[in-house]
Amino acid sequence: MNKNENPCFHNECGRFCCKPVKVRAFTQLDEKAKEKFKHIGRFARESCPDSYKLDFYSCKEFDEQTGKCKDYENRPDLCKNTKCGLFDCKNEEERKRLLKGHREKFYEIYEPKK
Ligand code: SF4
């Protein structure tokens with residue numbers, strides 16, 4: 001992979017981390033994340049609906065054309081502290097296992113308005 005290639009596309013993943021952004025439910029977003037993210041809904045894993053729930057967000061910095069962040073240097077801590085295991089994965093079996101996880105399905109949880 002050359003240094004200009006998008007590592008996400010290289011790993012046949014592309015949009016798992018940023019479209020949508022997935023955050024454990026009830027996590028307090030920092031100020032940068034609040035400015036960049038818009039809440040979509042609360043979701044559960046189809047394969048394990050009783051595990052922790054996730055809040056999904058769209059991010060205004062995600063570039064649909066390139067699959068890259070438009071403001072990478074100024075991304076929220078939440079993004080800085082997240083690194084996909086596929087980036088450094090050299091083992092083919094491990095790579096397949098991680099990709100399978102990245103393609104998991106979710107369903108939205110209906111939450112009545114209070
Ligand atoms: S700020 Fe950048 S890295 Fe963070 S979710 Fe948005 S597009 Fe992705």
Counted neighbours (other Cβ, 10 Å), sorted fewest up, put Ser58, Ser51 in the order Ser51, Ser58
With Cα springs under 10 Å, the Gaussian network model of the chain assigns the largest mean-square fluctuation among Lys38, Lys96, Lys68 to Lys96
Summing +1 per Lys or Arg and -1 per Asp or Glu among the other residues with Cβ less than 9 Å from Arg24's Cβ gives +1
Final fewest-first order of Cys18, Cys89 on the 10 Å Cβ neighbour count is Cys89, Cys18
Taking GluC sites (Glu not before Pro) as exposed when in a DSSP loop with at most 12 other Cβ atoms inside 10 Å, the chain has its longest clean stretch at 65-103
CD proxy, 222 nm, the chain: helix-only mean residue ellipticity via -39,500 (n - 2.57) per DSSP H run with n ≥ 4, per residue, nearest 500, stands at -5000 deg cm²/dmol
Cross-link reach from Lys32 to aspartates and glutamates, straight Cα distance under 13 Å and at least 8 residues apart if same chain, gives Glu61, Asp71, Glu73, Asp77
Counting lysine pairs in segment 65-106 that sit 8 or more positions apart or on different chains, with Cα atoms under 24 Å apart, gives 15
Length-normalised contact order of the chain, Cα under 8 Å, at least 6 apart, in percent, tallies to 31
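What longest range of the chain stays clear of loop-exposed chymotrypsin sites (Phe, Trp or Tyr not before Pro) (DSSP non-H/G/I/E/B, at most 16 other C-beta within 10 angstrom)?
No qualifying site falls inside 53-109, the longest such stretch.
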One can check that the equivalent ellipsoid of the chain, built from the alpha-carbon gyration tensor with semi-axes equal to the square roots of five times its eigenvalues, has lengths in Å, largest first, of 25, 20, 11
For segment 59-70, in residue order, the Karplus 3J(HN,Hα) values (coefficients 6.51, -1.76, 1.60; θ = phi - 60°; whole Hz; Gly and Pro = x) are 10, 6, 8, 6, 9, 4, 5, 9, x, 10, 7, 7
By Cβ neighbour count within 10 Å, fewest first, Cys79, Cys69 rank Cys69, Cys79
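Coordinate-derived values only; no laboratory data. From a predicted model like this one, the values you see are computed outputs, not experimental measurements. FYI the Cβ positions are ideal-geometry reconstructions off the backbone, even for glycines, and counts take in every protein chain you see.
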